[in-house]
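Written out below as structure tokens is the structure these notes cover.
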Amino acid sequence: MGTTPPATPSNTAGKDHLKSPNFQFLTDHHTLLVHFAALAERYLFDDPSTALFKLRQFAELLARQACAHVGIATLPADDQVAVLNLLRDRRVAAADTLDLFHALRKTGNAAVHEGAGTQSDALHHLRMARQLAIWFDRSFGNSKQPYGPFVPPPNPAAATAALVAELDRLRTEALAQTEAVEKLKLTAAGEAERRRDAEAAAATAYSELQVALELAGESSSLLEAERKAFDQQLAAVQAAVAVRPSAEVEAVLERTRKAAALVELDEVATRRKIDQQLREAGWEADTETIRHSLGVRPQKNKNLAIAEWPTAEGPADYVLFVGLKPVAAVEAKKVNVDVAGKVGQAKRYSRGLQVDTTLTAPGGPWDGHNLPFCFSTNGRPYLRQLETKSGIWFCDVRKPTNLSRALEGWYTPAGLDALLASDAGAAQGKLAAEPTDYLPLRDYQLAAVRSVEDALAAGRRSMLVAMATGTGKTVTCLGMIYRLLKAGRFRRVLFLVDRTSLETQAFEKFEAIKLEGLRPITEIYDVKRLGDLVPDPNTRLHFGTVQGMVKRILYAADPAEVPPVDAYDCVVVDECHRGYTIDRELSDSELTFRDEADYVSKYRRVLDHFDAVKIGLTATPAQHTEEIFGPPVAQYSYRQAVIDGWLVDHEPPLQIVTKLGRDGINWATGEVVEYIVPRRDPAEILKEAAPDAVNIEIDDFHRKVITENYNRVVCAVLAAHIDPSLPGKTIVFCVNDAHADLVVTLLKKAFEAQYGEVEDDAVMKLTGKADKPMKLIKRFQNERLPNVAVTVDLITTGTDVPAVTNLVFLRRVRSRILYEQMLGRGTRLCENLFGPKEDKSSFRVYDAVNLYAALLPHSEMRPVVTRPKLPFVQLAAELHALTDADARAEVHDQFLAKLRAKRRVLESNEVNFEGCQKLTGMAPCDFVTHMATLTPEETRDWFQAHPKVPEFLDLARLEADRVFISSHADEVVRVEHGYGAGGQKPGDYLESFRTFVAANRDAIATLKLVTQRPRDLTRQALKELKVALQEAGFTETHLQTAWRETRNEDIAATIIGYVRHVMTGEALRPYKERVAAAMKTVLAARPWTPPQRKWLERIGKQLETETVVDRQAFDHGQFQAEGGFNRLNKVFNGELESILGEIVEAIWPVAA
């Protein structure tokens, strides 16, 4: 169904006398469109600049009317870029269509501001404007008439040979199309006569057009009247669309997509389009004038794209020259040609081109190639799902194993010259030989850097580094970037984060860490920050945010401001897992019926924009992350870091169970409920009798109901366990900002009741709505107060506060990725937190919402519906329209996933519930269950029989404005630690540990070492034991907590002590006491020299932190700096290993 409004006087005036040879069919839409198109035809050859200006105005009108037809409101202040972005974002215009709009905009601007434009330019853009007009009419018109071929104008009095040839070609094509339609078979004489008749008809049409325009005049008053009528029509169209069913609007959008698929550019138009793309990248390009056959040759200080350059394999479509140096061969094809396969043609040109004495050799040859780079293109914008048919395909042929790849844009001359000057092979050689001792990296961090370098050597262009929160991703990244820049592997690195605060934090770390010469990277290289939008030529490292790059690349006010694809040759993305929250791409089957531009993740599009190696950093790798960056090349988990002593473990979560939290908040039918409407100003408490029972579970506390009593009880429990005056900080995670305000107040009161008094600044809200939140974060990190930060999501990820010892969950988190990020706020080491040598050894988790019951497993972290705004109306329409079984099945799966999510909404209020029953004949629960039993075909037929249901589902909303107020009393049911996956009691957990050790006494070799040969125990063996126990659910921290709760004594024993206790019955002793007693025994065993005694004391101190000090330990850390094992062995006259064995046996006597 079309959306053209009824004809109005302003819409039909001028039909009789204003006839355009190529745009007459637009009269049904508005004569103003025809008027501007006709003016462009009129001035086409007499004044090309004016013609191009009129075409720009024509395109502006056309874009605004397209917006109106789908209900998009535009403002008079919106420029053409803003309007075109609206068409893009609302899926009205595809990328190819937008390219035509932008081309008319750019050439029109150049014509106005620079007087630019030739007759050939005007002719080409007139043809492109007609393609847009046809797309517009097919999308929004009712006309069924054939459009016929483009009618070229008569030859101008003064025309170039190229223009005459082009006009002749167009007339030949027009005649051929006409004959095809009329199915005529003419003799040569008849064909000539037919051509003369067509030329005469065209001449008459253009002559009549000029007369009509002269009669109509171009007075400002007339155009103003037409413009006013046009604006009135736009308003009328928008009003009509606003009341149309959404299914009709979706049908119009489908027509725009089908119309876009019918737009086809011929070879000449494609070459002009490619010319424009090359010019925008900084090359001088014009297929008509910058041609080898016209005598054009390379020149110093010019960057030329010379067309039809001769080679032994035939003329190359273009050869790109930087000054006198040829650098690339280009194969250009029509839009509908598979472009990826044509790179081979450019390679043949590269082999066939002869570099004579008039040219500067680019180097080489490389395996027979005389040019280093090859391109293939058909002018189409890059689409990932149409990769082989779109974009600009590129291959660096200097190395045979370099694969071709698609780019979003052309290299600039400077970028291509810089790429030519680079030598990845030599850089990899430098990396292999480059020492690492100047980098302040731990072993696992250095291993991650080496893994990235190895992946680069293997040809990987996307890679993932997964390191647990708190293990130093930033410093690892710094070391990696510095080495890559120093070796010349990359020219410029873009470091992307997703928040300004994280950029500040990362930059400050980069600025503080000293590298070679005790200088930070910010002094060694030119480093730019967020405020520097454009890097300088010598900039080596540039910090930016994903959001900022999205704005610059996808929403630039002027597309000329979009950074070129060669702006960076390496992009490092911190917290790269966040990309999944934005969007997704189309699956292969969806591509057959949906517009990809609406689905491609903006995050992914930023990464695709740059021809750069992509390196992602994350603590929580997931499926979507690996799809972008590939599987991790380096991985260091939280548990590994805890075992190695680089992070601290958390005690078993302390579960706070209250009566309301367990049972929910309930009102019986007829019971008076109080509620507020938050958006109402002023807010007031309303009352009414509940028409039905109201039951709200803990998951919706402070979303659907405000319950002060529940929070008061929980805060009292927290106050009993947390003293805000003691060292160690606390983060409390709340549902929303209002909840955070309430918790701040209740916590202060609870602390006051527990401890008599509390400093007001001890508890603060740290959310985005707090006063100067960034300063508050700094204060929380660096100052004593606040000691307790109450937040929602401002400091859930990326904020480093080592002093955090308590994490409190007052809201549920389903995303395991987010949960692990939040948990990472407490994992960092913090020396001397509780006093000299009293380090942070663990942290506590307080769970008041039964958090672990709601967490999804990693395998379920990617939902089926990743674009939830996709309407049911569209899904139903697609089920009806699709014939491909796979495509229909995919839509059916998405419909069911979306419907299951909608069930809660349908059951949320009486209007939705009764509406569902009325339209489907079923209650929401039964409706969802029934639809799940149907096949895709049966679902399609069901919707045909129930056409109003999809729109009802789209309109159904939660009553989010109503928030209940609960005065239900609450009380604590229990407060206890939950151990292991099943939340065991502490005594049961210890017994499970005893059973596991007994059952695996022979299976785990280290268990025997611990009791029978402790002097043979190495650091590696101890690590393997910890890994085996951790996989079974037993950690040192959890065992210590369970022992404390069961025996009411706090013994800081090690995992070895617990194993020996259950295997031999040996009493548990604090490990430091064991070490002190053992060292006292060893020191008294023989007369030691003063140096030997000093070294033994140092070994004793090291044993307190490392548990095992073996030969390997002396070649790392502080001992390595003193000469390592060999030097210390000489101090002890070659007996160091034996002495170490004596110390171990003194700590852990051999079991009887």
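For this structure, a couple of remarks:
- Ellipsoid equivalent to the stretch 330-477 - semi-axes via the Cα gyration tensor, in Å: 36, 22, 12
- From most to least packed by mean Cβ count within 10 Å, the peptides 971-977, 386-392 give 386-392, 971-977.
- Full extension of the segment from residue 155 to residue 1126, taken as 0.36 nm per residue of separation minus the current Cα-Cα distance, would add 340.2 nm.
- Reachable lysines, given that their alpha-carbon falls under 25 Å from the alpha-carbon of residue 1072 and they are not under 8 places away in the same chain: 837, 840, 1008, 1023, 1026, 1080, 1094, 1101
- The equivalent ellipsoid that matches the C-alpha gyration tensor of the stretch 613-667 spans semi-axes of 37, 21, 7 angstrom, in descending order.
- Here's the picture: charge each Lys and Arg Cβ at +1 and each Asp and Glu Cβ at -1 in the chain, and of 263, 1075, 103 the one pushed furthest to the positive end of that dipole is 1075.
- Simple Cβ-charge dipole of the stretch 78-138, Lys/Arg +1 and Asp/Glu -1, about Cα centre, in debye nearest 20: 220 debye
- Normalised by 2.2 N^0.38 Å, where N is the number of residues, the C-alpha radius of gyration of the stretch 872-958 stands at 1.02.
- Centroid-to-centroid, using Cα positions, the stretch 251-300 and the stretch 890-919 are 49 Å apart.
- Quotient of Cα Rg and 2.2 N^0.38 Å for the stretch 424-644, N being how many residues it contains: 1.02
- Assigned charges on the beta-carbon of Lys, Arg, Asp, Glu; the chain dipole about Cα centre (debye): 2300 debye
- Along each principal axis, taking the top coordinate minus the bottom one, the Cα set of the stretch 731-799 gives 34, 26, 19 Å in descending order.
- Between residue 834 and residue 1005, the simple label model (points 7 Å from Cα in the Cβ direction) yields a spacing of 3.7 nm.
- Straight-distance crosslink candidates among lysines, where the alpha carbon sits under 25 Å from residue 948 and sequence neighbours closer than 8 are dropped: 869, 898, 902, 918
- Net length gained if the chain between residue 974 and residue 841 were fully extended (0.36 nm per residue, minus Cα distance): 45.2 nm
- Scaling against 2.2 N^0.38 Å puts the C-alpha radius of gyration of the stretch 267-421 at 0.94.
- Segments 92-103, 75-86 sorted - mean Cβ within 10 Å per residue, highest first: 92-103, 75-86
- Ranked from largest, the principal axis spans of the Cα set of the stretch 1072-1147 equal 28, 26, 18 Å.
- Note on the stretch 212-333: Cα convex hull, mean projected area over all directions, 13.9 nm².
- Ordering of 537-550, 268-281 by packing [mean C-beta count within 10 Å, highest first]: 268-281, 537-550
- Hydrodynamic radius by Kirkwood, which averages 1/r over all alpha carbon pairs of the stretch 654-858, in angstrom: 18.1 Å
- Residues residue 388 and residue 1116, FRET efficiency given R0 of 60 Å [Cβ-Cβ distance, rounded to 0.05]: 0.75
- Under a model in which nothing but the beta-carbon of Lys, Arg (+1) and Asp, Glu (-1) is charged, the stretch 1072-1147 shows a dipole of about 300 debye around its Cα centre.
- Set of lysines with alpha-carbon distance to residue 430 below 22 Å, sequence-local pairs under 8 removed: 399, 486, 514, 614
- The smallest convex shape that holds all Cα atoms of the chain, its convex hull, gives 228 Å³ per residue.
- Pair residue 1021, residue 1135: separation of 7 Å Cα→Cβ label points (nm): 2.3 nm
- Ranking 911, 929, 885 by Cα position along the charge dipole of the stretch 872-958, where only Lys, Arg, Asp and Glu carry charges on their C-beta atoms, puts 911 farthest toward the positive end.
- Mean-position separation - Cα centroids, the stretch 1072-1119 and the stretch 51-120, in angstrom: 78 Å
- Relative contact order [Cα under 8 Å, 6+ residues apart], the chain, whole percent: 7 percent
- Scanning residues 5 or more positions from residue 355 or on other chains, none has an amide H under 5 Å from its amide H, with H placed 1.01 Å from N in the peptide plane.
- Net charge of the neighbourhood of residue 359, taken over other residues with C-beta under 14 Å away and scored Lys/Arg +1, Asp/Glu -1, is +3.
- Under a 5 Å amide H cut-off, with hydrogens placed 1.01 Å from N, residue 118 pairs with nothing among residues at least 5 apart or on other chains.
- Against the main long axis of the alpha-carbon atoms of the chain, helix 80-89 sits at an angle near 60°.
- In this simple spin-label approximation, residue 800 and residue 637 carry label points 7 Å from Cα along the Cα→Cβ vector, and these lie 2.4 nm apart.
- When the Cα positions of 388, 1126, 664 are compared along the charge dipole of the chain, 1126 comes out farthest toward the positive end, with charges on each C-beta of Lys, Arg, Asp and Glu.
- Overall dimensions of the stretch 978-1069 as given by Cα atoms, namely Rg and Dmax in Å: 12.6, 37
- The C-alpha atoms of the chain define a longest principal axis, and helix 1090-1106 lies at about 60 degrees to it.
Coordinate-derived values only; no laboratory data. Predicted model only: the values in this text are computed from it and were never measured. Glycine also receives a Cβ, built like all others from the backbone with ideal geometry; neighbour counts cover every protein chain displayed.
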